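**Q** Quick one: the structure is below, and I'll ask about it shortly.
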Amino acid sequence: MLPVLEKISKIGIVPVVKIDNAKDAEPLARALCNGGLPCAEVTFRTDAAAEAIKIMADKFPDMCVGAGTVLNSAQVDAAVEAGAKFIVSPGLNPKTVKYCVDKGIPITPGTSSPSDIEQAIELGLDVVKFFPAEQSGGLAKIKAMAAPYVNMKFMPTGGVNAKNLTSYLDFPKIIACGGSWMVPGDLINAGEWDKIEELTREAVQTMLGFEIAHVGVNCENEAEAEKAAKRFSFIFGLPYKPGNSSIFSGGAVEFMKTPYLGKNGHIAIRTNYPERAVNYLETVLKVEFDESTAKKDDKGNLKAIYLKEEIAGFAVHIVKR
């Protein structure tokens, strides 16, 4: 997968925006970045599209800005000249796709059938857009089509929203979802950047699904951990669950048999997608992680990792839900 598509995969959501006036590009980009989505697919359906891409790319060089609804090679050239880092088209035009592939320009053409996917494979692609997603059969159709095309990945767009977002992203063949629910046209035209930033932040939180998994309390030794866990379980009627290095009282409180990370203990935060959570926390909130604490599954996917900082004497780590 191309580097820009890897970056999009870590972000998880591609806001699809229609800009009628280029002056809106800078505040819109700022709202998206501040809200946690440093990415945008600017549709080439307005006269302001190229200038809007240029403004976003110039003002926010770390932002992943691309062009959508690109229909021909002339629009590809205009978009790339403006600073677009990727191209998206509603359908698969072999001529346009080949033009991009030959020039090394990342393109994800729209597909909705096995025949489309076979054309994409023939043209050398390993990621395609699935459009219009919900109207074309949604997640069920993507899963059905993905079965025979084991190396193809998808970016569904069209009908994806806050309610079905994680259903799509839970399927590992989907690298990201395109959507416009956080950037509705009326809010862009009205200049309601605070509201767009709020909707963007809500979209990120919906995707990542942060919640407290458990709290680990450091005890001096095994005897102290046993005493504390038994007392806690007795008082609140919670199951007593001894383990090798700790004892759980219920599922949310863990008593460590020997002190572990953190002055007082640790707090585990559950998330739907650890890689995307790390990307968001690092790039948007500038949180630092201790890479030596990273744990991965047998496929190399991140399962857990600790932050470098402690909060109120507690180490903090994120874990996969």
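FYI, it's all coordinate maths here, none of it is from the lab. Note that the coordinates shown come from a computational prediction; the quantities given were computed from them, not determined experimentally. Cβ coordinates were reconstructed from backbone atoms using ideal geometry, including for glycine residues, and neighbour counts include every protein chain displayed.
**Q** Select one label from (i) 1.07; (ii) 1.02; (iii) 0.97: the one whose number is Rg/Rh (Cα atoms, Kirkwood Rh) as derived from the coordinates shown.
**A** For Rg/Rh (Cα atoms, Kirkwood Rh), the calculated option is (i).
**Q** On to the next question. Dividing the convex hull volume of the Cα atoms of region 223-285 by its residue count, what figure in Å³ per residue is obtained?
**A** Expressed per residue, the convex hull around the Cα atoms of region 223-285 is 121 Å³.
**Q** Between Phe236 and Lys195, what FRET efficiency comes out of the Förster formula 1/(1 + (r/R0)^6) with R0 = 51 Å and r the beta carbon distance, rounded to 0.05?
**A** Computed FRET efficiency for Lys195 and Phe236 comes out at 0.75.
**Q** Per-residue HN-Hα couplings for region 9-25, Karplus 6.51 cos²θ - 1.76 cosθ + 1.60 at θ = phi - 60°, whole Hz, x for Gly and Pro?
**A** Those phi angles translate into 4, 5, 6, x, 10, 10, x, 9, 10, 10, 10, 8, 10, 4, 5, 7, 4 Hz.
**Q** Lys and Arg at +1, Asp and Glu at -1: add these up for the other residues within a Cβ distance under 15 Å of Leu165 and post the number.
**A** Combined, the nearby Lys, Arg, Asp and Glu give +1.
**Q** What is the Cα centroid distance between region 107-185 and region 273-292, reported in whole angstrom?
**A** 26
**Q** Moving to a separate point now. What is the distance, in nm, between label points placed 7 Å from the Cα along the Cα-to-Cβ direction at Lys59 and at Glu226?
**A** 6.4
**Q** Students often forget the sequence filter, so: which lysines lie under 22 Å Cα-Cα from Lys296 once same-chain residues fewer than 8 apart are removed?
**A** Lys7, Lys10, Lys153, Lys173, Lys308, Lys320
**Q** Sort Phe60, Phe44 so the one with the fewest other Cβ atoms within 10 Å of its own Cβ comes first.
**A** Phe60, Phe44
**Q** Next question. Lone cysteines in the chain, defined as no other cysteine's Cβ under 4.7 Å from theirs: which are they?
**A** Cysteines lacking a close Cβ partner in the chain: Cys33, Cys100, Cys177, Cys219.
**Q** Give me Ser89, Ser9 ranked fewest to most by other Cβ atoms within 10 Å of their Cβ, as a rough exposure proxy.
**A** Ascending number of Cβ neighbours within 10 Å: Ser9, Ser89.
**Q** Apply the Karplus curve 6.51 cos²θ - 1.76 cosθ + 1.60, θ = phi - 60°, to the phi angles in region 183-189 and return the couplings in whole Hz, x for Gly and Pro.
**A** Coupling constants for region 183-189: 10, x, x, 5, 6, 5, 5 Hz.
**Q** When Arg276, Arg270, Arg321 are ordered from fewest to most other Cβ atoms inside 10 Å of their Cβ, what list results?
**A** Arg321, Arg270, Arg276
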